[in-house]
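Peer 1: Below is the structure I would like to discuss, written out as structure tokens.
All of the numbers you see were taken from the coordinates with simple rules; none came from a lab. From a predicted model like this one, the values you see are computed outputs, not experimental measurements. Here the Cβ positions follow ideal geometry from the backbone for every residue, glycine too, while neighbour counts run over all protein chains shown.
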Amino acid sequence: MRAVPDEIEALRAELRRHEHLYYVLDAPEISDAEYDGLMRRLKALEDAHPEFDTPDSPTKRVGGAVREGFVKVRHSSPMLSLDNALNEGELTEFDRRVRELLAGEAYSYVAELKLDGLSMAAQYEDGRLTLAITRGDGQVGEDVTENARTIRSLPMVVNSPWPKFEVRGEVLMSRTAFERLNAERAEAGLELYKNPRNSAAGTLRMLDTALTASRRLDFFAYFLLVDGQPALPSHWENLERLRALGFKVNPNVIRAPGLDELAAFCRTWAERREQLPYEIDGVVAKVDSIEQQRRLGWTAKSPRWAIAFKFTARQAETVLENIEVQVGRTGALTPVARLRPVVVGGVTVSNATLHNEDEIARLDLAIGDTVLIERSGDVIPKVVEVKSRPAGRRPFHMPDTCPVCGSTVVRAEGEVARRCLNASCPARLRESLTHFASRSVMDIDGMGEALVDQLVDKGLATSIADIYQLTLAQLLELDRMGDKSASKILANVEASKHRPVARLLSGLGIPFVGERTAQILADTFGGVDALVQADEAQLQTAEEVGPKVSESIRRFFAEPHNRELVERLRAAGLQFQGEIRKTTATGPLTGLVFVLTGTLPTLSREEAKQKIEAAGGKVTGSVSKKTSVVVAGEDAGSKLDKARELGIEVWSEARLLESLAAAQSSLFGGASA
Ligand code: IVH
């Protein structure tokens, strides 16, 4: 048998090879399942032998480190920006300057895409990624090494001839990843990211690196530096070497002998930009020879040997003909603008997203207005501003009932979205069913999207509870369903009745109650009935349950359709009761909801939180009417303002420590007396 360290190293090398094939070359050799299998094996070995664990193991791509903030670090050499050419005239002007400065010498350009992300420097020592820094102000950036490790196309281990080198390039988020993320945020009632670039920037700087990992950033390299200088004599060779080292280099790059080829490349990509899975906002031209670059030199802000040719924004004016309301997967109501069709950058646009009612208020938008719309990539077009407001424009109001099922909709405090709370709402049904049947919830094998679609289309499922009423005869009428698979599905449905109650709770689709919260609720309350009966204060005695979650649970069970669903599931024989495993901390602060803001003089946020929770209090992130006390330190900002506005008690750290100490001495005092 192979020694453990050898097997670990072999697995890592194998996984790195597949990472490169998959994320850099886009040419996988094995299936995702095989890849996951190797990863699990490595993880198991590392867990069993922590002495062999290393920070650059492929298992670390999933993140996990959580920090309090970012450390500032100085760049090895400044990361400057580029001068812009806004049209072909300015491009010609740039070329003329280069020619003049090079006094008749021959030269050529490398033309690359201007990737619309944020630049980052990655430093390697002895072939290992040691430091990743955001651009920051160009001189000093932030250490985002742990986040960068989750970017799968950025190698953590490189076979390099230099003891130290640095790679600079662009961190990107693909349009699909961006849209998925914003859809999730809209559903969760969170503020939306403006574009993939902002969202990539926010993601790279997440304190919880597991979140960075889940959002799938990408990295394209364009500079290879050794001792602060390009490693090889031409930019083109540097790009080739980067590729050979395993970095992802954008394939859409040419060596342009002169201005004509350069301008043609710019025109081509202005046309083709939509076809890319990520956003670009122009073309970057760089003089190829590093020696010529050196002689051309720099101005204070940017190199004289490079230019960014910027594409023009794609905007157009049109009339807002109507506003319709769509209902999403978790019941969030989203207003959508119906526009008089207009061509923007070669594409006809007739819809635009309006996100939520606050956005409509912010724009002061009414039906009949002439609006400016903008397309950025494939991202759904958006309304930038109102150009004119005709007399007779019709103001829009979000409906009070769900446009699909008619149930009441609510806008919870602190949320931007209104939601339909009916778990059986047809708009939500497909998603509710697939979620309920999924592996980590009720684990009904065979009941994936394809089957759910058929069940909904044929009217066999109008609620989650209908799953438990399915008959063999009904299943046999579906496409591609034989006796054997139908019986298997029924057996799996039957087996799902015995899943622990936490699974059932996470399957109901209560907003903000995912797997983790469902487990906490099950452990704290034991079963569905205790949860249905608990009031908000009782709900908040559970760990991690603040006003937002408790209100959501109350609202969910107050909705008649949902109570009916619960009763039908009970009748079907699902497991409604489990064991109580968690006793909640009770103490002098029980029932109080705290918000921490600013820097406290001695306690870190985490310490303050632990102390409050140990005394039975609850700590939440945002100030609302339900907040009891705001503990404010130095540089407290908007949360403190909001607390004052709402007349909420404000404590200093000293005051907090006093209440904790007073409570403690009275407890101990009581015991010894
Ligand atoms: S070269 C001094 N190449 O554009 C050299 N930059 O305004 C500057 N960018 O901060 C970088 N794609 O974030 C270069 N192929 C590319 C680029 C690129 C995008 C960004 C980068 C930089 C900004 C320059």
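Peer 1: When you have a sec, figure out the Kirkwood radius of segment 365-459 from all distinct Cα pair distances and drop it here in Å to one decimal?
Peer 2: Computed over segment 365-459, the radius equals 17.1 Å.
Peer 1: Tell me which residues come under 5 Å, amide H to amide H, from ALA332 once H is placed; ignore anything under 5 positions away on its chain.
Peer 2: Amide H to amide H, under 5 Å and 5 or more residues apart or across chains, ALA332 pairs with CYS420.
Peer 1: Test of the criteria: in segment 410-456, which trypsin sites (Lys or Arg not before Pro) are in a DSSP loop and have at most 10 other Cβ atoms within 10 angstrom of their Cβ?
Peer 2: In loop regions of segment 410-456 (DSSP not H, G, I, E or B), the sparsely surrounded trypsin sites (Lys or Arg not before Pro) are ARG439.
Peer 1: Mind checking the dipole of the chain: about its Cα centre, +1 per Lys or Arg Cβ, -1 per Asp or Glu Cβ, Debye to the nearest 20?
Peer 2: Result for the chain is approximately 620 debye, rounded to the nearest 20.
Peer 1: Could you work out the local net charge near PHE70, counting Lys and Arg as +1, Asp and Glu as -1, over the other residues with Cβ closer than 12 Å to its Cβ?
Peer 2: Local net charge: -1.
Peer 1: Relative to the compact-globule scaling 2.2 N^0.38 Å, provide the ratio for the alpha-carbon radius of gyration of segment 279-321.
Peer 2: Rounded to two decimals, the normalised Rg is 1.87.
Peer 1: While we're on this one: Taking Rh as the Kirkwood radius computed over C-alpha pairs, what is the Stokes-Einstein D of segment 1-99 at 4 °C in a medium of viscosity 1.567 mPa s, expressed in µm² per second?
Peer 2: Rounded to a whole number, D works out at 72 µm²/s.
Peer 1: Residue farthest toward the positive end of the dipole of the chain, with Cβ of Lys/Arg at +1 and Asp/Glu at -1: which of ALA636, LEU505, VAL452?
Peer 2: It is ALA636.
Peer 1: List the aspartates and glutamates whose Cα lies under 13 Å from the Cα of LYS639, skipping any in the same chain that are fewer than 8 positions away.
Peer 2: Result set, ordered by chain and number: GLU649.
Peer 1: How fast does segment 406-555 diffuse by Stokes-Einstein, in µm²/s, taking the Kirkwood radius from C-alpha pairs at 25 °C and 0.890 mPa s?
Peer 2: 148
Peer 1: Let me ask something else about it. Just to confirm the number: angle between the C-alpha axis of helix 560-571 and the first principal axis of the chain, 0 to 90 degrees, nearest 10?
Peer 2: That helix lies at roughly 70 degrees to the long axis.
Peer 1: When Lys and Arg each count +1 and Asp and Glu each count -1, what net charge do the other residues less than 10 Å away from PRO601, Cβ to Cβ, add up to?
Peer 2: -2
Peer 1: Right, here's the next one. Give the peptides 287-300, 590-603, 148-161 in descending order of average Cβ contacts within 10 Å, highest first.
Peer 2: 148-161, 590-603, 287-300
Peer 1: Determine which lysines satisfy two conditions relative to LYS582: a Cα distance under 17 Å, and not lying fewer than 8 residues away in the same chain.
Peer 2: Cross-link targets: LYS618.
Peer 1: Would you mind checking which residues have amide H under 5 Å from ALA256's amide H? H placed 1.01 Å from N; only 5 or more apart, or other chain.
Peer 2: Residues meeting the criterion, in which the H sits 1.01 Å from N, are TYR109, VAL110, ALA111.
Peer 1: Could you give log10 I(q)/I(0) at q = 0.17, 0.22, 0.23 Å⁻¹ for segment 69-189, computed by the Debye formula over C-alpha point scatterers of equal weight, without solvent?
Peer 2: After summing over all Cα pairs, the log10 values are -1.04, -1.21, -1.26.
Peer 1: What pairs in LYS194/LYS609; LYS43/LYS488; LYS248/LYS286; LYS114/LYS194; LYS286/LYS310 have C-alpha atoms more than 21 Å from each other?
Peer 2: Cα-Cα > 21 Å for LYS194/LYS609; LYS43/LYS488; rest within.
Peer 1: A further question on this structure: How do 31-38, 510-517, 621-628 rank on mean C-beta neighbours within 10 Å, highest first?
Peer 2: 510-517, 621-628, 31-38
Peer 1: Compute the normalised compactness of the chain: alpha-carbon radius of gyration over 2.2 N^0.38 Å, N being the residue count.
Peer 2: So the chain has a normalised radius of gyration of 1.11.
Peer 1: Take the Cα gyration tensor of segment 165-219, multiply each eigenvalue by 5, square-root it, and list the three semi-axes largest first, rounded to whole angstrom.
Peer 2: 21, 12, 9
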